[in-house]
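Chemist: One structure, pasted below without further comment.
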Amino acid sequence: MKKLVNDYLPLTHTTYFILLSLLKPLHGYGIMQKVEEISNGEVKLGPGTLYGALKKLEKDMLITKINGAERKKNYILTNFGKEILEAEYKRLERMIHISKHILHD
């Protein structure tokens, strides 16, 4: 049975930042660096965590391998992965909008 976008939501912080880092092709170490950079150091990935996540994301067809320089495995988001990333972004945006009105009244 084919999974729908909402079947993947909510994403973990780790998964969200991995997907966000893969809008452009990156290899494993590059993903670790990019995630740390875009999360302002809040998310630091070890190799075991990263490669376990990449394997699952690839199996679920959210990312795909592409040929990279120097025989490194590069990954990039699939269209389905982009849909999920955007859906999670919108979900988080709605949560912030709702919370803002409650917390600041």
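The values are calculated or read from the model by the stated rules, or taken from the named source; none is laboratory data. What you see is a predicted model, and the numbers here were worked out from it, not measured in a lab. Glycine gets a Cβ as well: all are built from the backbone with ideal geometry, and neighbour counts include every protein chain shown.
Chemist: If we scan the range 19-35, do we find a residue that is modelled with pLDDT of 95 or more, closer than 19 Å to D7 by Cβ and either of a type outside the set (D, E, K, R) or within 12 Å of the chain's Cα centre (by Cα) (or both)?
Modeler: Yes - at least one qualifying residue is present in the range 19-35.
Chemist: Here is a follow-up. Which one is nearest to Y8 (Cα to Cα), of the residues in the range 70-85 that are assigned to a helix (DSSP H, G or I) and either modelled with pLDDT under 95 or under 10 Å from the mean Cα position of the chain (by Cα) (or both)?
Modeler: Filtering the range 70-85 for residues that are assigned to a helix (DSSP H, G or I) and either modelled with pLDDT under 95 or under 10 Å from the mean Cα position of the chain (by Cα) (or both), the one nearest to Y8 (Cα to Cα) comes out as I84.
Chemist: Further question on the same structure: Mind checking which residues of the range 21-69 are closer than 18 Å to Y8 by Cα and among the small types (G, A, S)?
Modeler: Across the range 21-69, the qualifying residues are S21, G52, A53.
Chemist: Say we look at the range 52-69 and pick out the residues that are in a helix (DSSP H, G or I) and at pLDDT 95 or above; which of these is farthest from L4 (Cα to Cα)?
Modeler: Ranking the candidates gives G52 first.
Chemist: Only one of E93, E42 is assigned to a helix (DSSP H, G or I), of a type in the set (D, E) and exposed (fewer than 14 other Cβ atoms within 10 Å of the Cβ). Can you tell me which?
Modeler: Just one listed residue meets the conditions, E93.
Chemist: Just to be sure, is I84 β-branched (V, I, T), farther than 12 Å from K24 by Cα and out of contact with any Ser or Thr (no Cβ under 8 Å at 6 or more places or on another chain)?
Modeler: So I84 fits the description; yes.
Chemist: Could you tell me which of the residues K100, K24, K34 is of a type outside the set (S, T, N, Q) and assigned to a loop (DSSP other than H, G, I, E, B)?
Modeler: Among K100, K24, K34, only K24 is of a type outside the set (S, T, N, Q) and assigned to a loop (DSSP other than H, G, I, E, B).
Chemist: Does Y75 satisfy the criteria of being closer than 28 Å to M1 by Cβ, surrounded by 12 or more Cβ atoms within 10 Å (Cβ to Cβ), of a type outside the set (K, R) and touching a Gly at 6+ places or on another chain (Cβ under 9 Å)?
Modeler: Judged against the criteria, Y75 is a match.
Chemist: I would also like to ask the following. Among the hydrophobic types (A, V, I, L, M, F, W, C), on the phi > 0 side of the Ramachandran plot and without any contact (Cβ under 8 Å) to a residue 40 or more places away in the chain, is that true of M61?
Modeler: yes
Chemist: Additional query: Quick test of your reading of the structure: T64 fulfils all but one of (1) exposed (fewer than 12 other Cβ atoms within 10 Å of the Cβ); (2) touching a strand residue (DSSP E or B) at 6+ places or on another chain (Cβ under 9 Å); (3) of a type outside the set (F, W, Y). Name the failing condition by number.
Modeler: (1)
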